[in-house]
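K.L.:
My questions all concern the structure below.
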Amino acid sequence: MLRENQRHFKFDWITIILFLLLLGFGYFNIMSASHVGEITSYFDTDQLYGKHLVFIGLTFFLIVLILSFEAKFYEQFASVIYLVAMLALIGLFIFGKDVNGARSWYGIGSMTIQPSEFAKFATALAVAKYISDLQTNMTTIKDQLRVAAIIFIPALLILLQNDAGSTIVYLAFFFVFYREGLQQVYLVIALSLIILAVLGLKFGVVITAIAATTVLTLVYFIRKKKRGSLLQYLVVLIVSVTFSYGVKLFYEHGLKAHQQNRISLWLRLEKDPSKLERMKKVEAYNLIQSEQAISSGGVSGKGFLQGTRTTGKFVPEQHTDYIFSTVGEEWGFVGTSAVVLLFVLLIVRVLYLAEAQKSQFSRVYGYGVASILFIHFTINIGMVMGLIPTVGIPLPFFSYGGSGLWGFTILLFIFVKLDSNKINEW
Amino acid sequence: MRKLLLLTTVILVGLVFIARLFYLQVYDNTAYNIFEDNAIRKVYNYPKRGYVYDRNGKLLVANQPSYDVMVIPREVAPLDSLEIEEFCQLLKITREDYDKKLEKATHYSPRLPSPFVPQLSKKDYAVLQEKIRKFEGFYILKRSLRSYQTNIGANVLGDLGEVNRKTIENDPYYTLGDLAGKQGIEKTYEETLRGVKGIKFIQKDRFNKNIGPFKEGTLDTLPQPGKDVTITIDSDLQAYGELLMKHKRGGIVAIDPSSGEILAMVTGPSYNPNLLVGRERNKNFSGLFLDKVNKPTFDRGLQAQYAPGSPFKVINALIGLQENVVTVDERFTCRMGYYYGSRRLTGCHHHRSPIDMNGGIAQSCNAYFVNVYRRIVDKYDDAGKGMNIWANHAKSFGLGNFLNNDLSVGQPGRIPDGDYYDRQYGDNRWGSTYIVSNAIGQGEVEATPIQLANMVAAIGNRGYYYTPHIIKNIEGETIDSKYTTPKYTTIDKEHFEPVVQGMFDVYNEGTAKHIRIPGIDICGKTGTAENFMKIDSVKTQLTDHSIFVAFAPKDNPKIAIAVFVENGYWGGRFAGRMASLMIEKHIKGHITRTDLEKWILTHSLEDEYKKPYSGEPFKINGESTLQVIENYATEENYPIKNQNQSDVKL
């Protein structure tokens, strides 16, 4: 066959081009957000953007390395890679270094490495490996519990290191499980829980209970044939209300003050104006600055290196988690919508390729890649624009930092390699 | 279905993000404005404000530097008590003051500068300047304040005040703390006087620290100095007018009819313009503004709308001639008033009768003008039409509407027309007999002193006037052509001569013969206007207003003047004397009728003004006695020379 002759070069160039566009555009924005004083050269390694350029250079070595392994390697060694990643996370408790209150870094000389960034692709590999096993059946409780354990271990380790943001990322695997056969009822339950939590926080338990009763009554009358007993409905109602109340209790007593305030700001729970004013100055400072930077960009932006709020370093952490606000200020609506579009295209492309895989391992892994990219994209950009509460996770390929960049690159390019090999699958 | 969940979610999130971005960046976003960008510090460089000179080149308003000690609390280095002691001595404050002021400034903002001790004296500044470097966090800010070289003409010159929020919203030129003209010439010529401030754009960071010039300073501008202006006021005449107006309420407006230039613009009571400079401005301004009895900030020459009284008769004479309803020689009988059937519509005083136009004006006969006025209104079958034609003529003298000139305040006065009475009485349900008061300038007619001065200027010019204005010259500019283009009245030139002759005879043989000035041919007209006030909701008559209008000399007049003295009784008593003195002062430069001058300076109306507020019944007009004062101001002791503002007390 014709395709067989070309198999070594059958990488999906669309994915690679989208990746390169994001990487390149990200670099220019890091330059804007991080430069101190005059820009004398694009390769000034005294400046953060110069360092990032080194990271980008190393990324290309990494890509060549990843693509040069046999595709089978990743499937065969998935468990080993997962194990190594978990050990690396555990090792943090002994050898780790505290940065901003989170113990998620190894310090090697002047460099720091964040293993949680690498745990993501390792977990995706392990999940793919487990699900693609012939004996696995995602509709059984036993396998559901086991696969849940695979993601629960890194999630717990990362949470214990005080990095709640990265923990949330593991929720992404829900999409993978659902695609691979998890029952519909889980989706219904997941959505219900989210709605119950938000309703409970925003309007209180009483209104939530009334809403739940109304919905359940409606369901009862709509389902004429398989109604079930009234007792079942009552149990669901009690569980719902208890959950909603539990969330409220957790919000009030289980969360740290800053987490509580972020949710309070997002749902506009604070009514005391003086307290709200103080929260706006402290907890919402980043968000307000970031929103102002974005909206000051207007339609076409102020131009590369011309952003006054970026130059004045008004948005803290602008080169890492808040990098999107630089795009907003300097490139305007044109730039921001282009970035959103690039991400959507990349994720959709990965999804499309995943569905086209012949091996289940590749498909599940591809799904994992798309899900992880999606959750980062949604949370990061959503947070920078104030649509969701502040959660500190990076924007893939865009934010400053070696670990993040390499973690995402490995994640994506293992899939590119798997995809290029699909013709060899039987 | 399972394949679609993530796909649809991704696309949905993408759409939500684009919608949110559209809202933030396109919909909710006005065009980028560097002035609203708080990442850019705007440092203003204020230009010198233009000086104001009078028509003879005398400097009236200049600038003075003012030195404020400012503090940035965060940058204040810890001082030991000896150093603080020294600093307090330099600033002439106590240790408690020091602590209190520093606490107040810290409370306002630890990072931003606050005034610590405003407006140091020049002496204190000189000493402090050497030593301020020792005290970190403190610095001296130089500002510029107005320096009045005179203490007259507060209503003419106006004052500067800090712009309020509304001004800033309407005019982006101003920022908080900027000064702008609030009244007088400072207000009307604000843009000319202020110049354009220079601006430096500085990029700052989120700690409010300067990083460097924004865009290498390419957007920065240099200040453009304000232009000096020369005003038409003759400061000597203005000062003399203010002297005459002492102890009285009213207004004097004198105009040069050949150009429309305002020579003097007096309001009484007035105040010293130096009161509205510097640290005490707000307190003093409130004091003046809240004085609701004397109303010193109310310019009676420009804003007070009075019934013009008899001076308005000459307008009716002119309209009568123009409308061809009366001849110069036609005589009317006066039986101590005008009778409609057996009803007396208006009274009159004793004089010869019957009387022609010249006599009518000279003797100020009410009956004569009621006759003329009724003929004008009744010329057509429809009184409304007659009134409209009458109003049109009157308005051509600049009455009944804003003069539309360069004074910061003004009032339109009132000239009623047919529509006005249709609204009052109903369509066609009135006739000339209802409204005869207009014939003698009472009734519904109202005018401000400046309108009356302009009216006599038009008569003196025999049919035209220049819009009265105060600007004479702006450095390097020509003044607005509307002040150099004559405005013609609707009355033909030949009708003026008999009327002017009548006004001349007012001085020769009429109501003003005792105030004649030897050597000057003055044409004038007395006026006495009844007026009322509500005291405890009872309409009570007060002593008549004394009114006088005049121009001189008779041919090619150099001055047209209107004088209005509230509750001064008959026209010749206060207003006439003052008008004559002003005319003599302007034309001769000195006063020969010192008897008139002394009478004015020694007579006060202050007791008269207290009457309505005394709560007791009082007598008016001829039945009351006139207050005489012993310690009166004269030109010698009335301070019009330079005066240091620190000597001024409210």
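K.L.:
In the range B:1-18, what count of residues is obtained for those that are surrounded by 13 or more Cβ atoms within 10 Å (Cβ to Cβ) and either under 22 Å from A:Ser295 (Cα atoms) or more than 7 Å from every other protein chain (Cβ to nearest Cβ) (or both)?
P.N.:
Selection size over the range B:1-18: 6.
K.L.:
Which condition does B:Val52 not pass, out of (1) within 14 Å of chain A (Cβ to nearest Cβ); (2) in contact with a helix residue (DSSP H, G or I) (Cβ under 8 Å, 6 or more places away or on another chain), if it passes all the others?
P.N.:
(1)
K.L.:
With A:Val327, A:Val350, A:Val334 as the choices, which residue is in contact with a Phe, Trp or Tyr (Cβ under 7 Å, 6 or more places away or on another chain) and either small (Gly, Ala, Ser) or more than 19 Å from B:Phe207 (Cα to Cα) (or both)?
P.N.:
Exactly one residue qualifies, and that residue is A:Val350.
K.L.:
Could you tell me how many of the residues in the range B:133-171 are without any contact (Cβ under 8 Å) to a residue 60 or more places away in the chain and part of a helix (DSSP H, G or I)?
P.N.:
Counting residues in the range B:133-171 that are without any contact (Cβ under 8 Å) to a residue 60 or more places away in the chain and part of a helix (DSSP H, G or I) gives 8.
K.L.:
For the range B:284-323, what are the residues that are farther than 19 Å from B:Gly158 by Cβ, small (Gly, Ala, Ser) and not in a loop (DSSP other than H, G, I, E, B)?
P.N.:
Those that are farther than 19 Å from B:Gly158 by Cβ, small (Gly, Ala, Ser) and not in a loop (DSSP other than H, G, I, E, B): B:Ser310, B:Ala317, B:Gly320.
K.L.:
How many residues are at pLDDT below 80 and assigned to a helix (DSSP H, G or I) if we restrict to the range B:75-118?
P.N.:
Within the range B:75-118, residues that are at pLDDT below 80 and assigned to a helix (DSSP H, G or I) number 2.
K.L.:
List every residue pair whose Cβ atoms lie under 7 Å apart, where the two residues are 6 or more positions apart in sequence or sit on different chains, the first residue falls within the range A:108-120 and is closer than 18 Å to A:Leu171 by Cα, and the second residue, located anywhere, is of a type in the set (Asp, Glu) and assigned to a loop (DSSP other than H, G, I, E, B).
P.N.:
Final answer for the pair search is A:Ser116/A:Asp163.
K.L.:
Residues A:Gly57, A:Gly109: which one is closer than 30 Å to A:Glu330 by Cα and loosely packed, with under 12 Cβ neighbours inside 10 Å?
P.N.:
A:Gly57
K.L.:
Residues of the range B:411-454 being buried (at least 16 other Cβ atoms within 10 Å of the Cβ) and basic (Lys, Arg), which ones?
P.N.:
B:Arg414
K.L.:
List the pairs whose first member sits in the range A:366-384 and is closer than 19 Å to A:Ala293 by Cβ and more than 8 Å from chain B (Cβ to nearest Cβ), whose second member is part of a helix (DSSP H, G or I) and not hydrophobic (A, V, I, L, M, F, W, C), and whose Cβ atoms are under 7 Å apart, counting only residues at least 6 apart or on separate chains?
P.N.:
Partner pairs satisfying both residue conditions: A:Val384/A:Ser290; A:Val384/A:Ser325.
K.L.:
Next up: Within the range A:245-279, take every residue that is in contact (Cβ under 8 Å) with a residue 24 or more places away in the chain and among the aromatic types (Phe, Trp, Tyr) and give me the one that is nearest to A:Leu199 (Cα to Cα).
P.N.:
Across the range A:245-279, the extreme among qualifying residues is A:Tyr245.
K.L.:
Continuing with this model, one more query. Provide a single number: the residues in the range B:154-179 that are at pLDDT below 90, touching a Gly at 6+ places or on another chain (Cβ under 9 Å) and not acidic (Asp, Glu).
P.N.:
The number of residues fulfilling the criteria is 4.
K.L.:
So if I check each of B:Asp555, B:Asp607, B:Asp544, B:Asp521, which one is among the acidic types (Asp, Glu) and assigned to a helix (DSSP H, G or I)?
P.N.:
B:Asp607
K.L.:
Report the residue count in the range A:320-333 for those that are more than 9 Å from every other protein chain (Cβ to nearest Cβ) and closer than 23 Å to B:Tyr27 by Cα.
P.N.:
9
K.L.:
To continue, here is another question. Mind checking which residues of the range B:349-364 are surrounded by fewer than 22 Cβ atoms within 10 Å (Cβ to Cβ) and not in a helix (DSSP H, G or I)?
P.N.:
Correct list: B:His349, B:His350, B:His351, B:Arg352, B:Ser353, B:Pro354, B:Ile355, B:Asp356.
K.L.:
Check B:Gln442 against each of (1) over 28 Å from the mean Cα position of the chain (by Cα); (2) modelled with pLDDT under 90; (3) not basic (Lys, Arg) and name the one condition it does not meet.
P.N.:
(1)
K.L.:
Can you find a residue in the range B:162-172 that is crowded, with 19+ Cβ neighbours inside 10 Å, in contact with a helix residue (DSSP H, G or I) (Cβ under 7 Å, 6 or more places away or on another chain) and more than 14 Å from every other protein chain (Cβ to nearest Cβ)?
P.N.:
no
K.L.:
Can I ask one more? In this structure, is B:Lys588 buried (at least 24 other Cβ atoms within 10 Å of the Cβ) and of a type in the set (D, E, K, R)?
P.N.:
Spelling it out, it is not the case that B:Lys588 is buried (at least 24 other Cβ atoms within 10 Å of the Cβ) and of a type in the set (D, E, K, R).
K.L.:
Let me ask you something else. Does B:Thr218 meet the test of being surrounded by fewer than 23 Cβ atoms within 10 Å (Cβ to Cβ), hydroxyl-bearing (Ser, Thr, Tyr) and at pLDDT below 85?
P.N.:
It is true that B:Thr218 is surrounded by fewer than 23 Cβ atoms within 10 Å (Cβ to Cβ), hydroxyl-bearing (Ser, Thr, Tyr) and at pLDDT below 85.
K.L.:
Name the residues in the range B:488-506 that are surrounded by 17 or more Cβ atoms within 10 Å (Cβ to Cβ) and touching a Phe, Trp or Tyr at 6+ places or on another chain (Cβ under 7 Å), would you?
P.N.:
Answer for the range B:488-506, where residues must be surrounded by 17 or more Cβ atoms within 10 Å (Cβ to Cβ) and touching a Phe, Trp or Tyr at 6+ places or on another chain (Cβ under 7 Å): just B:Thr489.
K.L.:
In the same structural domain as B:Asp427 (by TED's automatic domain parsing), in a helix (DSSP H, G or I) and of a type in the set (A, V, I, L, M): does that describe B:Val326?
P.N.:
no
K.L.:
Is it the case that some residue within the range B:30-40 is more than 7 Å from chain A (Cβ to nearest Cβ) and touching a strand residue (DSSP E or B) at 6+ places or on another chain (Cβ under 7 Å)?
P.N.:
Looking for residues that are more than 7 Å from chain A (Cβ to nearest Cβ) and touching a strand residue (DSSP E or B) at 6+ places or on another chain (Cβ under 7 Å), one finds at least one in the range B:30-40, hence yes.
K.L.:
Please count how many residues of the range A:280-319 are at the interface with chain B (Cβ under 10 Å from one of its Cβ atoms), buried (at least 20 other Cβ atoms within 10 Å of the Cβ) and hydroxyl-bearing (Ser, Thr, Tyr).
P.N.:
Number satisfying all stated conditions: 5.
K.L.:
Only one residue in A:Ser229, A:Ser244 is outside the structural domain of A:Val391 (by TED's automatic domain parsing), surrounded by 17 or more Cβ atoms within 10 Å (Cβ to Cβ), hydroxyl-bearing (Ser, Thr, Tyr) and more than 30 Å from B:Asn38 (Cβ to Cβ). Which one?
P.N.:
Result of the check over A:Ser229, A:Ser244: A:Ser244.
K.L.:
Do you know which residues across the range B:329-348 are surrounded by 17 or more Cβ atoms within 10 Å (Cβ to Cβ) and β-branched (Val, Ile, Thr)?
P.N.:
B:Thr346
K.L.:
Anything in the range A:164-173 that is surrounded by fewer than 23 Cβ atoms within 10 Å (Cβ to Cβ) and within 16 Å of A:Gln259 (Cα to Cα)? List them, or say none.
P.N.:
Residues satisfying the conditions are A:Ala164, A:Gly165, A:Thr167, A:Ile168.
K.L.:
Can you list the helices (runs of 4 or more DSSP H) lying wholly within the range B:365-431 that have 3 or more residues being closer than 18 Å to B:Thr490 by Cβ?
P.N.:
Output list reads B:366-377, B:383-395.
K.L.:
Here is a further query. Look through the range A:350-359, keep the residues that are in contact (Cβ under 8 Å) with a residue 40 or more places away in the chain and over 15 Å from A:Ile414 (Cα atoms), and return whichever of them is nearest to the other protein chains (Cβ to nearest Cβ).
P.N.:
Going through the qualifying residues, I end up with A:Ala356.
K.L.:
Still on this structure, I have one more. What are the residues in the range B:176-214 that are within 41 Å of the chain's Cα centre (by Cα) and basic (Lys, Arg), if any?
P.N.:
Listed by number, the residues that qualify are B:Lys182, B:Lys187, B:Arg194, B:Lys197, B:Lys200.
K.L.:
Given (1) of a type outside the set (Asp, Glu); (2) within 12 Å of the chain's Cα centre (by Cα); (3) within 9 Å of another protein chain (Cβ to nearest Cβ), identify the lone condition not met by A:Gly404.
P.N.:
Evaluating A:Gly404 over (1) of a type outside the set (Asp, Glu); (2) within 12 Å of the chain's Cα centre (by Cα); (3) within 9 Å of another protein chain (Cβ to nearest Cβ) leaves (3) as the failure.
The values are calculated or read from the model by the stated rules, or taken from the named source; none is laboratory data. Treat the numbers as computed from the prediction; the structure is a model and nothing was measured. Using ideal geometry, Cβ is built from the backbone for each residue, glycine included, and neighbour counts are taken over all protein chains shown.
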